[in-house]
1. Would you point out the residue of region 65-76, among those that are open to solvent by less than 80 Å² (accessible area, probe 1.4 Å) and modelled with pLDDT of 80 or more, that is nearest to GLU45 (Cα to Cα)?
2. Select from region 8-62 the residues that are farther than 25 Å from PHE72 by Cα and small (Gly, Ala, Ser) and write down the one among them that is surrounded by the most Cβ atoms within 10 Å (Cβ to Cβ).
3. Going by what's in this entry, would ILE51 be described as at pLDDT below 90, assigned to a helix (DSSP H, G or I) and in contact with a Phe, Trp or Tyr (Cβ under 9 Å, 6 or more places away or on another chain)?
Amino acid sequence: MFNDIGPLELVTIIVLAVLVFGPDKLPKVIQDVMRTIRKIREFSESAKQDIRQELGPEFKDFEFEDLNPKTFIRKQLDNEDLGLKELRNGFDLKKEMAEVTDAVHGRDSESSSSSATSSSSSGGRVDMTKKPDAPDHRTPFDADAT
């Protein structure tokens, strides 16, 4: 519940509580707060039990923590019936990234020799100054489209 409160923050809260309530009233305030928290927990548990009884026997394994989206997704992804663990284990990210990097840089190691010779003759680069072999053809200009 208080996972994100550090020791300095806890000491600050205690000092403020002593200053606000005083050292003689502080134990009674702490008891009242603890009693209220206990009542809230009891109310919550009784509400959960009522909901489970109303849902019936088909929802006997229902957990309210499953209503949290993160918990629900985590349970579904860890489900063995889907075979996601085998899929996740069969995927080698480093190998895939190396293949993508090679493809981007034009180093295609698994291609046939004919494509290797054509890319090696031009150095794997496209000459932008060279005119295309097609006749000079301009695209039509549409003033309404721009």
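1. Taking the candidates together, the pick is ASN68.
2. So, considering only residues that are farther than 25 Å from PHE72 by Cα and small (Gly, Ala, Ser), the one surrounded by the most Cβ atoms within 10 Å (Cβ to Cβ) is ALA17.
3. Working: at pLDDT below 90: yes; assigned to a helix (DSSP H, G or I): yes; in contact with a Phe, Trp or Tyr (Cβ under 9 Å, 6 or more places away or on another chain): yes.
In short, yes.
Table: residues versus (1) at pLDDT 60 or above; (2) within 30 Å of ARG52 (Cβ to Cβ); (3) exposed (fewer than 10 other Cβ atoms within 10 Å of the Cβ).
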| site | (1), (2), (3) |
| --- | --- |
| ASP78 | yes, yes, no |
| LEU84 | yes, yes, no |
| PHE91 | yes, no, yes |
| MET97 | yes, no, no |
| ASP102 | yes, no, no |
| SER113 | no, no, yes |
| ALA116 | no, no, no |
| SER121 | no, no, yes |
| VAL126 | no, no, yes |
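The values are calculated or read from the model by the stated rules, or taken from the named source; none is laboratory data. All of these numbers come straight from a predicted model, not from anything done at the bench. We place every Cβ from the backbone using ideal geometry, glycine too, and count neighbours over all the protein chains shown. For accessibility, only protein heavy atoms count, side chains too; no ligands or nucleic acids. Shrake-Rupley method; radii C 1.70, N 1.55, O 1.52, S 1.80 Å.
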